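The values are calculated or read from the model by the stated rules, or taken from the named source; none is laboratory data. Just so we're clear, the structure is a prediction, and the values are computed from it rather than from any experiment. Cβ coordinates were reconstructed from backbone atoms using ideal geometry, including for glycine residues, and neighbour counts include every protein chain displayed.
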């Protein structure tokens, strides 16, 4: 059976990986200095020029980039290639209406698809498999990434997108899907639906590649038992390319980062100090191989640990743990990035004070989100029908901002618990960052 998609790269010596990264970093820094005024200004502010960067040992001299930089430079301010060289964009949801948009040349698309093809092979996929892609398509990177990786591998690809569970199960049974790609919560829902319909013996799945949201080892075990598969984790983010930045192999002792395309660092989130392998900190990526939208020292806000211990699969790329938390207040709900600031914006736009609480839970392996909002004294005296109408209005406003349904409950003034005068904004009951 095929073990690697790119064996000469995935099993390269440490010396070879460092050589690729040294050259890639020097080229990327010169490219952004010459073509991206926003980058050049940040480097000049720190007193750094391309001549100061000889290789990855100089990476720490370069300034960090954050999501705020991407929003400030929106839409074209970080492009390193002319617009006519770009063939696609992907995008995240915007926190206050301003989205993060990433650009891709044709070569960038091939790079991304190769990363996803590597993830598929690591999960046991071959060109004889039927790859069932139930990630969302469109601006979301999940569907396009795994779709392209499956094409590159040569597998029959079912571009199902998310939702329409009856159709998902029909195609899964009729076309004998063998590899499922979706969020873990949707995989759990599909498993439940398959069992309810009595179709477990009609399913031919052998593996699943699940990402875009946090999930526990307990959830992995439940999905594997319910579908009779081996479940693999995959990691990525739109800003860097999408899914496939890292992926699990059969050893499942962490996710291999595609180091021939990305340089990973872990830093102290408070000081910015680079931490040694084995220490927990914030993950930082440099996507030096990207042409249209290379990001240098991009702070992901994900907390993890890097390990270079030899892996039994034979891959030599560094491994990262599952994200162990966040260094900011972002939540991932149903695979969608949700910030309290987005919710606050909607409330303020509808005339409410910013007294609210977000309660996230997971019921039957599906995320739920409820927003409790304090009414003004005037609203509190309204009749029930008016309160219900106001709740529906906020539900609609939040759906437009977040892209997902959030239940809204208007509560009495001053009823949300304060702690030292400050409301506890987020209650996450999912316990995602354990196991």
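When restricted to residues that are closer than 22 Å to residue 233 by Cα and surrounded by fewer than 17 Cβ atoms within 10 Å (Cβ to Cβ), the range 335-375 contains 4. One residue stands out among those in the range 237-261 that are touching a helix residue (DSSP H, G or I) at 6+ places or on another chain (Cβ under 9 Å) and over 16 Å from residue 122 (Cα atoms): the one that is surrounded by the most Cβ atoms within 10 Å (Cβ to Cβ), which is 241. Could you please let me know if residue 229 is surrounded by fewer than 24 Cβ atoms within 10 Å (Cβ to Cβ), out of contact with any strand residue (DSSP E or B) (no Cβ under 6 Å at 6 or more places or on another chain) and either at pLDDT 95 or above or within 24 Å of residue 311 (Cβ to Cβ) (or both)? It is false that residue 229 is surrounded by fewer than 24 Cβ atoms within 10 Å (Cβ to Cβ), out of contact with any strand residue (DSSP E or B) (no Cβ under 6 Å at 6 or more places or on another chain) and either at pLDDT 95 or above or within 24 Å of residue 311 (Cβ to Cβ) (or both). Taking the criterion of being part of a strand (DSSP E or B), under 22 Å from the mean Cα position of the chain (by Cα) and touching a residue at least 12 places away in the same chain (Cβ under 8 Å), the residues of the range 353-369 that qualify are 358, 359, 360, 361, 362, 366, 367, 368, 369.
Name every residue in the range 200-254 that is assigned to a loop (DSSP other than H, G, I, E, B) and either under 18 Å from residue 176 (Cα atoms) or outside the structural domain of residue 118 (by TED's automatic domain parsing) (or both), in order of residue number.
Within the range 200-254, 203, 204, 205, 206, 228, 229 qualify.
Summed over the range 79-89, the residues that are touching a helix residue (DSSP H, G or I) at 6+ places or on another chain (Cβ under 7 Å) and assigned to a strand (DSSP E or B) give a count of 2. Of the residues making up the range 365-378, just one is farther than 26 Å from residue 189 by Cα and in contact with a helix residue (DSSP H, G or I) (Cβ under 7 Å, 6 or more places away or on another chain), namely 373.
Scanning the range 94-111 for residues that are touching a strand residue (DSSP E or B) at 6+ places or on another chain (Cβ under 6 Å) and either at pLDDT below 80 or in a helix (DSSP H, G or I) (or both) turns up just one, 106.
Taking the condition closer than 30 Å to residue 142 by Cα and touching a residue at least 24 places away in the same chain (Cβ under 8 Å), does residue 395 pass? Considered against the rule, which asks whether it is closer than 30 Å to residue 142 by Cα and touching a residue at least 24 places away in the same chain (Cβ under 8 Å), residue 395 comes out as no. Quick check: is even one residue across the range 307-325 part of a helix (DSSP H, G or I) and in contact with a helix residue (DSSP H, G or I) (Cβ under 8 Å, 6 or more places away or on another chain)? No, the range 307-325 contains no residue that is part of a helix (DSSP H, G or I) and in contact with a helix residue (DSSP H, G or I) (Cβ under 8 Å, 6 or more places away or on another chain). Screening 4, 76 for residues that are within 28 Å of the chain's Cα centre (by Cα), closer than 23 Å to residue 309 by Cα and in a loop (DSSP other than H, G, I, E, B) leaves exactly one candidate, 4.
For (1) more than 29 Å from residue 405 (Cβ to Cβ); (2) assigned by TED's automatic domain parsing to the domain that holds residue 90; (3) part of a strand (DSSP E or B); (4) free of Cβ contacts under 8 Å to residues at least 40 places away in the same chain, each residue gets a yes or a no:
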site: 121; (1), (2), (3), (4): yes, yes, no, no
site: 126; (1), (2), (3), (4): yes, yes, no, no
site: 131; (1), (2), (3), (4): no, yes, yes, no
site: 137; (1), (2), (3), (4): no, yes, no, yes
site: 147; (1), (2), (3), (4): no, yes, no, yes
site: 161; (1), (2), (3), (4): no, yes, no, yes
site: 167; (1), (2), (3), (4): no, yes, no, yes
site: 171; (1), (2), (3), (4): no, yes, no, yes
site: 188; (1), (2), (3), (4): no, yes, no, no
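Restricting attention to the range 412-435, and to residues there that are within 19 Å of residue 376 (Cα to Cα) and in contact with a helix residue (DSSP H, G or I) (Cβ under 9 Å, 6 or more places away or on another chain), which single residue is modelled with the lowest pLDDT? For the range 412-435, the residue satisfying everything is 425. Looking across 308, 297, one residue alone is outside the structural domain of residue 401 (by TED's automatic domain parsing), within 30 Å of residue 11 (Cβ to Cβ) and out of contact with any strand residue (DSSP E or B) (no Cβ under 7 Å at 6 or more places or on another chain). It is 308. Against the list (1) surrounded by fewer than 20 Cβ atoms within 10 Å (Cβ to Cβ); (2) over 15 Å from the mean Cα position of the chain (by Cα); (3) touching a residue at least 24 places away in the same chain (Cβ under 8 Å); (4) assigned to a loop (DSSP other than H, G, I, E, B), the condition residue 270 fails is (3).
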